[in-house]
Amino acid sequence: MSYAGDVTPTEAWIVLQGDPRAVLVDVRTHAEWSYVGLPDLRSLGRDVVRIEWQRYPDGSINDRFVDELAAAGVETDQPLYFLCRSGVRSIAAAEAATAAGWTESYNVSEGFEGPHDAQHHRAVAGWKVAGLPWVQG
């Protein structure tokens with residue numbers, strides 16, 4: 001594993017609540033943020049850092065991802081929790097951040113919506129299913 005490790009959404013939320021330096025980085029697309037929703041960190045007095053790992057609509061890798069992470073003011077010694085839809089893109093983001101010097105880059109393994117169930121609905125795991133705070137629109 002070339003990043004700090006995997007955590008569940010609930011584990012990430014517990015750290016975010018307890019450590020004011022911890023940062024949640026949502027690497028989904030602008031479309032997902034707008035139409036699916038976002039984790040809501042207002043009760044913690046902060047916002048989610050939003051940086052696309054893959055560009056919408058063509059799916060190309062964001063070659064400025066690391067630069068945008070630095071521009072967001074995230075320091076290399078802060079704990080980072082990368083979140084995508086299901087925990088796949090966020091692994092790549094955690095690996096890229098680690099390679100660029102962020103020493104505590106974690107993947108939120110179930111993502112925001114989690115994997116598909118038998119009916120191909122995303123309703124079995126993830127940030128939303130865990131009942132963690134989120135907003136839509």
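List of remarks:
- Any hit, the stretch 93-105, residues being closer than 27 Å to G131 by Cα, buried (at least 17 other Cβ atoms within 10 Å of the Cβ) and out of contact with any strand residue (DSSP E or B) (no Cβ under 7 Å at 6 or more places or on another chain): no
- If the condition is being free of Cβ contacts under 8 Å to residues at least 12 places away in the same chain and among the small types (G, A, S), then the stretch 71-118 contributes A71, G73, A118.
- Pick from the stretch 69-92, criterion part of a helix (DSSP H, G or I) and under 10 Å from the mean Cα position of the chain (by Cα), ranking: surrounded by the most Cβ atoms within 10 Å (Cβ to Cβ): S90
- Boolean, D47 is more than 17 Å from T29 (Cα to Cα), acidic (D, E) and free of Cβ contacts under 8 Å to residues at least 24 places away in the same chain: no
- Here is the figure for the stretch 42-62: residues that are of a type in the set (D, E, K, R), part of a loop (DSSP other than H, G, I, E, B) and under 26 Å from R21 (Cα atoms) total 3.
- Hits in the stretch 47-68 (condition: more than 22 Å from E110 (Cα to Cα) and either surrounded by fewer than 17 Cβ atoms within 10 Å (Cβ to Cβ) or of a type in the set (D, E) (or both)): P57, D58, S60, D63, R64, D67, E68
- Yes/no for Y81 being touching a strand residue (DSSP E or B) at 6+ places or on another chain (Cβ under 6 Å), closer than 25 Å to V124 by Cα and hydroxyl-bearing (S, T, Y): yes
Here, each number is a calculation from the coordinates, and none is a lab measurement. Nothing here was measured: the structure is a model prediction, and the numbers come from that model. Cβ atoms come from the backbone with ideal geometry, glycine included; neighbour counts cover every protein chain shown.
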